[in-house]
Amino acid sequence: MPDAPSTDAAALDRRRFLGGAWRAGPAEPPPSCYTEHFPARVLVQAAPARLDAVAAAVAAIEGVRLVDTRSPGRLTVAVPPGTVGAALAALAAVPGVLTASAVPAEPEVLS
C-alpha cells in the first residue's frame, strides 16, 4: 500500500532520516545551553598518597576550578567548555595523576 502524502510541513523525510537528519527543511542548530553556560566536568583520579600535592597542582592550572575533593583518590574539577581538550592534557601531565576523564556536567552540582 503506498504511503499517503503528508500535509505536515515538518514531516519526516525518509532519506534524510536514514542519513542521520530528522526532519525535512533547514537543520536546527543544537541547543547551546550546555556548551555555553555550564562548565565541563572532569574526573581526575590520583594516587591517594599524593592527593594533596595533586590537588594543589590542579588548582594552580589556569581556568580549572576544584569542585569536589571528598572521595579518596578522586578530584572533580570544572573547566570552561571550550578548553576541555587542553585542560585534559594539562591535568594528565600533573605528576601523580592516574587518569583525567571528561564526564557529563550536572548544572546543580557545578553551581
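The values are calculated or read from the model by the stated rules, or taken from the named source; none is laboratory data. The structure displayed is predicted, hence computed values, not measured ones. All Cβ positions, even for glycine, are placed from backbone atoms using ideal geometry, and neighbour counts span all protein chains on display.
Assorted remarks:
Yes/no matrix, rows are residues, columns are (1) of a type in the set (Lys, Arg); (2) at pLDDT below 80; (3) in a strand (DSSP E or B); (4) surrounded by 13 or more Cβ atoms within 10 Å (Cβ to Cβ):
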site: Pro5; (1), (2), (3), (4): no, yes, no, no
site: Pro30; (1), (2), (3), (4): no, yes, no, no
site: Tyr34; (1), (2), (3), (4): no, yes, no, yes
site: Gln45; (1), (2), (3), (4): no, no, yes, yes
site: Ile61; (1), (2), (3), (4): no, no, no, yes
site: Ala86; (1), (2), (3), (4): no, no, no, yes
site: Ser101; (1), (2), (3), (4): no, no, yes, no
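- Residue pairs meeting the criteria (Cβ under 6 Å; at least 6 apart or on separate chains; first touching a residue at least 60 places away in the same chain (Cβ under 8 Å), in region 42-68; second surrounded by fewer than 16 Cβ atoms within 10 Å (Cβ to Cβ)): Val42/Ala102; Leu43/Ser101; Leu43/Val103
- The set of residues in region 68-79 that are buried (at least 16 other Cβ atoms within 10 Å of the Cβ) and not small (Gly, Ala, Ser) comprises Thr69, Arg74, Leu75, Thr76, Val77, Val79.
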